[in-house]
Each structure stands twice: as structure tokens, then as C-alpha cells.
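These notes concern the structure reproduced below.
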Amino acid sequence: LVLDDGFQHVALQREVDLLLVDALDSIGLQALLPAGRLREPLTAARRATALVVTRADMAEDLSQVLGPIRSAMAREITPILARFRPEGVRDLSSGKALLAESLAGRTALAFSGIANPGSFARSLRKLGVKVLDEMAFPDHYAYGACDLERIRERALRCQAEMMVTTEKDAGKVAPLLRRNDQGPPIMALQIGAEIMEGRERLEQLIVGRGMERRGA
């Protein structure tokens, strides 16, 4: 059983505490909300069973995020490195599934309501998409019809062949679509996580803790 955003739920009984840190967001580690992204002091990282650094393939210097965390944890920890990779694309109007590689060489307006919108645009460019314009909305943004109209207008203005968003945002945008909508199609990029370093260690940790629980 896996719970997202459960690290701060201290009353929750758990066997493994995985702390995920974005390799591209070292600035977010410098202060508590609202000045930074921390929900509690960095010393709370000491509760973590393991540290997973996401988007590790996009960072030039991992020490910018690992340095502060290692200091706060007051112990040496070998991080598990992970990256996100495109797995497919879905046309929101038709529901048609496409290969992620089919977007390569096409022009797009990228829009998203996630914590790190810049990383989404970078993922598209890495895929070969020519991102002509970007629109960033607040994390967990609830889109309305007027927002969709603004996005379409921007896409038409820059003459983008398509509008691309995240799978997370697609769930909020899809109900707003109408059969007679004009403008470029809206595509949802589907992304999966891949462990770059430490996969075996992570599997042993999860399985080992599970066996301990069964034997208890």
C-alpha cells in the first residue's frame, strides 16, 4: 500500500518512509512555506528510511540538493536516483493513444499547473518538441472555461500545431472540452518513473520491511 504525500502524516503507521526530492528545486529547500516549498523544517528528513532524488538526469550538480539534506539528516545516506520518461501521448478530444515519439519535430504551446512547470517544458524539448510558448498555472489549479479559451488564443497566436499538458492537468481540462471546439488539439503527455541508480536497494528495502511485518 503506497500513500502519496504521507511523509507529514506522523500519526500514520508505516514500514517505509520514502522522501522524494526534486533535483531541479534546490531553492525550494531553503525555506518553509510560503517562502519555500518545505512543509516542515529540513531536519524532519531524519525520519526518512530512504532518499529518492527525482529528475536526477536533468541536474548538472546533485550536491545542491543533497548537501543541505545530508547536513540536516546528520548521517551519510546514499540516494536513489530516478528520472521521469515519456511513455505515451493521449489526444484529449479523440481519446486516441499515440507514441510519445510522434510529437518530435512538432510545434506546441505547453501549459501545466504543477509545482515545477519548467521541468515539463524541458521534458517536451528533450522529446524533440518545439515549444513556442509556455503557460504556467498554480499547482493543483482548477481550470475553467475562460482559462481554456486563453490557452487556445495563445496557441493560435504563436501558430502552434498542438497544445500539450500533463496527465495530471488533463483530468481537469478534459471535462471542459466541447465537440465543436476550435484550435489546435490538446495532447496529454503520459510520464513514468524509472530508477537510474539504487533499484535493487529500493526493492530489498521494501521487501525486507514487508517480511519483517509478516514475521512480527
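The values are calculated or read from the model by the stated rules, or taken from the named source; none is laboratory data. Small disclaimer: the values here were computed from a predicted structure and weren't measured. Quick reminder, even Gly has a Cβ in these numbers, built from the backbone with ideal geometry, and neighbours come from all protein chains shown.
One residue alone among L177, L148, L189 is within 25 Å of A115 (Cα to Cα), touching a helix residue (DSSP H, G or I) at 6+ places or on another chain (Cβ under 6 Å) and not hydroxyl-bearing (S, T, Y), and that residue is L148.
Residues of the stretch 19-35 that are within 16 Å of A72 (Cα to Cα) and surrounded by 14 or more Cβ atoms within 10 Å (Cβ to Cβ): L19, L20, V21, S26, G28, L29. As a summary of the residue check, R154 satisfies the conditions (1) more than 22 Å from V53 (Cα to Cα); (2) in contact with a His (Cβ under 8 Å, 6 or more places away or on another chain) except for the one numbered (2). Tallying residues that are outside any loop (DSSP other than H, G, I, E, B) and in contact (Cβ under 8 Å) with a residue 24 or more places away in the chain within the stretch 112-125 yields 7.
Restricting to the stretch 67-111, give me the number of residues that are part of a helix (DSSP H, G or I) and modelled with pLDDT of 95 or more. Steps first, please.
Our first condition is that a residue be part of a helix (DSSP H, G or I); within the stretch 67-111, this holds for 67-73, 100-103.
Narrowing the set further to residues that are modelled with pLDDT of 95 or more leaves 100-103.
Number satisfying all stated conditions: 4.
Beta carbons closer than 8 Å, at least 6 apart along the sequence or on distinct chains, pair a first residue in the stretch 42-56 that is within 12 Å of V21 (Cα to Cα) with a second that is assigned to a loop (DSSP other than H, G, I, E, B) and acidic (D, E) for A48/D17; A50/D17.
With respect to the conditions (1) in contact with a Lys or Arg (Cβ under 9 Å, 6 or more places away or on another chain); (2) within 30 Å of D17 (Cβ to Cβ); (3) in contact (Cβ under 8 Å) with a residue 12 or more places away in the chain, E76 lacks only one, and its number is (3). Taking the criterion of being part of a strand (DSSP E or B) and either surrounded by fewer than 18 Cβ atoms within 10 Å (Cβ to Cβ) or among the aliphatic types (A, V, I, L, M) (or both), the residues of the stretch 47-66 that qualify are A50, L51, V52, V53. The criterion of at least 2 residues that are surrounded by 13 or more Cβ atoms within 10 Å (Cβ to Cβ) and without any contact (Cβ under 8 Å) to a residue 60 or more places away in the chain is met, among helices (runs of 4 or more DSSP H) falling completely within the stretch 133-216, by 145-157, 167-173.
Report whether or not V89 is surrounded by 14 or more Cβ atoms within 10 Å (Cβ to Cβ) and within 26 Å of E200 (Cβ to Cβ). So V89 does not fit the description; no.
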